[in-house]
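Laboratory data are not the source of any read-out in this text; all were calculated from the coordinates shown. The structure presented is a predicted model; accordingly, all values stated were derived computationally and were not measured. All Cβ positions, glycine included, derive from the backbone under ideal geometry; neighbour counts span all protein chains shown.
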């Protein structure tokens, strides 16, 4: 087994491999995702060779506990990292048993393992960290073809990006332009050792079926398959970039500075533009775009239904709902506390989908009185202006066109003790002048933010 990033028998790593590993996004700490397979072992050695004297390097191994040799593979990764002097973090995850089916639509155990793996990556990454993944050009071909047969749009057919944010850090795929045959040739010349995953030959898994039964025939018929797929993937990435820029501009026009979309403005767009905007909006709010079989029918129902109807489009973890000429993206709210909670000055309070903070402004002379947060109980009154009359919260909701589904879960903030306190804030819709603005009279500023804003 090779015990260093550069063997002692005259071998030297070629610039074709080193150049992309050296040309990485700015980072303060480098991680390598180590599975124990050929690709990740090669990447580990390249990273050690190219960056040992520049930044701290660590490796992370995720043990999915799916294969009989999972324990041996984990031990092998430990030995590799020990020989290179690289700290290794290991995590064991449970993704259940079973096989992936091409017709399940969910990816089965393959997708579950991927989600568990990326959850670990997000857990270990800190700000400034960069995680290297060993995906190569053959993996990109599999990814694009896999997404093609699943019916993905241009965003999916763009394939895996070279870099993207991940958790608090970033990930990068420096070997994405290189084919596996080239990587294997150099790994053998370097006399590296690796572990073969016994499941890689099981064509019951979708990607293995593509790898062993489909792609070899495509390569024989069309040499340079990886380059052809790369070209198409880049064209799809360019198209998706333009889609996003269009959606950003149309959002500015259709939202009119709010966090909702005008029905009238949407009606002036084509269905293709409406679909693009709805998908962009959901991604911007942190959700997967809704899966819709007939966008023409869905958008017609959402935009053309009578005013007394309540049409909606359901997505994973959210809904698009219409109210008084506007479309709202409504997340499935986290559990709202059933009793009032005290807001401690200077400490953030998480309330369902909101975060509340009472912060000092210009060194206030005294701490604020009791501040509590509660939901609507009935009978509340609000005084929008200090010198104006009060009105029922119910009437205020109607005047401000607060959507009905929000009224019961909005955090209401009261100043004063007991049930006789003064209402000083209603979610992120309104806050008393006493606790808002550049120089709030109370000396304390109340900040209320939604998680999905």
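Overview of results
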{"quantity": "Residues residue 272 and residue 11, FRET efficiency given R0 of 51 Å [Cβ-Cβ distance, rounded to 0.05]", "calculated": "0.40"}
{"quantity": "Spin-label pair residue 408/residue 29, simplified geometry with 7 Å Cα→Cβ offset, distance in nm", "calculated": "4.5 nm"}
{"quantity": "Anisotropy class of the stretch 15-221 from Cα gyration tensor, a/c 1.5 cut", "calculated": "rounded"}
{"quantity": "In nm, spacing of pseudo-spin labels at residue 18 and residue 184 (7 Å Cα→C-beta vector)", "calculated": "2.6 nm"}
{"quantity": "Highest-first arrangement of 383-390, 232-239, 408-415, where packing means the average Cβ count within 10 Å", "calculated": "408-415, 232-239, 383-390"}
{"quantity": "For peptides 124-136, 201-213, sequence by mean Cβ density within 10 Å, most packed first", "calculated": "124-136, 201-213"}
{"quantity": "For peptides 69-79, 271-281, sequence by mean Cβ density within 10 Å, most packed first", "calculated": "271-281, 69-79"}
{"quantity": "Cα gyration tensor shape for the chain, rounded if a/c is under 1.5, else prolate or oblate", "calculated": "prolate"}
{"quantity": "Mean projected area in nm² (Cα convex hull; one quarter of hull surface) for the stretch 341-450", "calculated": "6.8 nm²"}
{"quantity": "Contour minus Cα-Cα distance for residue 220 and residue 78 (0.36 nm per residue)", "calculated": "47.2 nm"}
{"quantity": "Simple label model, 7 Å out from Cα along Cβ direction - residue 314 to residue 244, nm", "calculated": "3.0 nm"}
{"quantity": "Alpha carbon convex hull of the stretch 236-331, projected area averaged over orientations, nm²", "calculated": "5.9 nm²"}
{"quantity": "Cα centroid separation, the stretch 191-217 to the stretch 21-39 (Å)", "calculated": "23 Å"}
{"quantity": "Using a Förster distance of 30 Å, the FRET efficiency for residue 253-residue 350 (Cβ separation, nearest 0.05)", "calculated": "0.35"}
{"quantity": "Calculated FRET efficiency for the pair residue 67/residue 451, C-beta based, R₀ 45 Å, to 0.05", "calculated": "0.75"}
{"quantity": "Degrees, to the nearest 10: 295-304 long Cα axis against longest axis of the chain", "calculated": "10 degrees"}
{"quantity": "The stretch 236-331 - percent relative contact order, Cα under 8 Å, separation 6 or more", "calculated": "24 percent"}
{"quantity": "Mean separation of Cα contacts under 8 Å (6+ apart) over length of the chain, as relative contact order %", "calculated": "10 percent"}
{"quantity": "Cα gyration tensor category, rounded, prolate or oblate, for the stretch 285-342 with a/c compared to 1.5", "calculated": "oblate"}
{"quantity": "Sequence-separation-based contact order of the stretch 207-286, relative, with Cα cut under 8 Å and 6+ spacing, percent", "calculated": "21 percent"}
